[in-house]
1. Show me the helices (runs of 4 or more DSSP H) found entirely inside segment C:157-266 where at least 1 residues are over 30 Å from residue B:77 (Cβ atoms) and in contact with a strand residue (DSSP E or B) (Cβ under 6 Å, 6 or more places away or on another chain).
2. For the condition buried (at least 23 other Cβ atoms within 10 Å of the Cβ) and under 30 Å from residue A:176 (Cα atoms), what is the one hit in C:55, C:64?
3. Just to verify a result, which residue in segment C:96-114, among those that are facing chain A (nearest Cβ under 7 Å) and either out of contact with any strand residue (DSSP E or B) (no Cβ under 7 Å at 6 or more places or on another chain) or touching a residue at least 12 places away in the same chain (Cβ under 8 Å) (or both), is farthest from residue C:74 (Cα to Cα)?
4. Could you check segment C:119-138 and list, in sequence order, the residues that are over 17 Å from residue C:46 (Cβ atoms) and more than 8 Å from chain A (Cβ to nearest Cβ)?
5. Give just the number: which of (1) surrounded by fewer than 21 Cβ atoms within 10 Å (Cβ to Cβ); (2) touching a strand residue (DSSP E or B) at 6+ places or on another chain (Cβ under 6 Å); (3) modelled with pLDDT of 90 or more; (4) away from chain C (no Cβ under 14 Å) does residue B:36 not satisfy?
6. Working carefully through the options A:145, A:171, A:213, A:217, find the one that is closer than 16 Å to residue A:114 by Cβ and part of a helix (DSSP H, G or I).
7. Does segment B:25-52 hold any residues that are over 18 Å from residue B:153 (Cα atoms) and either within 13 Å of the chain's Cα centre (by Cα) or in a strand (DSSP E or B) (or both), and which are they?
8. Mind counting the residues in segment B:94-127 that are touching a residue at least 12 places away in the same chain (Cβ under 8 Å) and within 11 Å of another protein chain (Cβ to nearest Cβ)?
């Protein structure tokens, strides 16, 4: 789910940097009040472990595919939200710098999409309330605690991954890069990440229950030490989550209904534009009324073209095209030359 | 230089790890601490370094090891950990070597001088700017020793300094240990190495000191060693 | 070779590249880092149809790759991480945007194809730029630059500490995976029954590791300060070079240099 540089406009990239940077600054100030110094090694080693853990393939029963580990939830359950967030930042930064996983400019967005949701939303809205509740049984009931861990892990991964995927869509759309309409993109990304989130949740649950059995004191909000409880009750949390879901879902469907350029439209909608033929789909067979298609195409026509770029066969435009093509050829030649010159210099050096 | 007086240590669970341990190590002496797994060797090391605190009195030099004397104690004491990766947490050997001196407020110039001298002495000069995650196991162990020597400690504790080294590197480490003037306490299962480096040996089992004496005497006593889950060093088996 | 060993190899490769000696390597990271950012921002700000204008930007990274003796091919190999999402998004552009933008002979090229190519190019160029930065600076100098740019010390220290242990932990994970697969030769990954214990073991051991590292730090007098080797400060000449290059980037952004070059011959 790493966002790439190319999908972001400078403005969106900068905004995400500011957002993630503020969250990081807040975390650092929070940690300073704590015993930040003694936490550094744990944070570093946990980050390194998540990094290594994310490269391990976990086979999903019944399918040939494999799942991976979701770092944010795991780290915040182990280290708390602030330390977990900073650790996640280092994981993402190293992935960005050394493996080109996500780009330098997209790092801000990636931190937001993967670390912020995983650590802050995952911790404050899911992990802490669920672990502090008496869901499934009393606080000191071993089995109930296990179930709570499993539920919080799965729910946490699913929710935070959905938020992350949704943000990827939003950031891309706001950047104005892709032609793929917002609702179609969201319609593609969210279900895929629902499945991924489920698997990641199961893996996280498995790991955390293992830790719970072996060394429960390592987990946040677990056991007698965490009796103080959370500020927010489970009921309140569920309400908050429900409200967020309604807002996001409502917004989405509103958007989709007012602007029906969704996937359906892409697949069946604009017969005149040759989409149906293009995709090899027969409109009648899928029973989509052409009424909707017509309005959709009308909307498309009025909204999607940039008038100044509409191509007309006039001389000046053709002129720029020719010089553009020729210029590209010159640049390409220069590129080849540079490469050859480099090879030449190196040979000379070693000789 | 090192002294333990009636020291006992146990965990909250009630398990006793050390039971009334007393010993003294004089200045410049090199002493081996041996015993089977779980005998309490690492606990003694940790008590000396002030990582753990137990009952009884622990002295480094003339300073008692207490929570409020840690700064003073640790300035005099270097602890070479068994896992060099844990000890060398900085990116390069050089940065690891300046870590302690700079923390103790030694000037930049003095630190540089120290580091160059130590690297020269241990014949590691070309490792100076190597990255810690790229050097070999043997080099890493020597570098870890160099890191500790850069502190110029009066007392050096070593935990399994020859573990998982090949014979060549093991010999290098042994020679390095022998060349040090400091008071040294070494724990190891490599009894041949203990024999090569230590003048005196303390045998520990189940949290108690079983025997203490000249290395040659204790390490050649087959009955004593076997009674405490150990074996004669190869040098004494006559093979 | 499993995925982790592969990653470790790439890690070491980057370190080795950073240890090389060239004018690009000597150029201080303090200037290089903002310059890379400006380059990427310039590339990203090109209009989605401005394919020819964007194309000229390839010359900058290419030139510095050659100057630094860094292989372009090895860099492009990393594209496998970046391209999937970019591809997934871009490949649909020709479907949605069918306005004819360019006509070569009898072939109509739609805006969608142009914007798709622009998108891919942006992906490749920004990757090349950040690869160049890391390959010619290494984590140490980048972190020193970050410190000079007032990134909080906690974060920089954490980054360096994590970097130090990424290889250690990855090696351990690689050994564990090998051990697992030696006993489960027909499985592609870790089976669900072992999900928890596999990573859980790694996790517990890493916690012990962290304890010991913390002790090692304390034993050497740690009280909140890490002393890293800084890099040699940037000279006025370095800054001027940086500003000149940044100016060139902006120039290429404002004027379509490719078309200008072409019009010389038309």
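The values are calculated or read from the model by the stated rules, or taken from the named source; none is laboratory data. The structure presented is a predicted model; accordingly, all values stated were derived computationally and were not measured. Note that we place each Cβ from the backbone using ideal geometry, even for glycine, and neighbour counts take in every protein chain shown.
1. C:195-219
2. One residue alone meets the criteria, C:55.
3. C:99
4. C:132, C:135, C:136, C:137, C:138
5. For residue B:36, the exception is condition (2).
6. A:171
7. Across segment B:25-52, the qualifying residues are B:32, B:33, B:34, B:41, B:42, B:43, B:44.
8. 9
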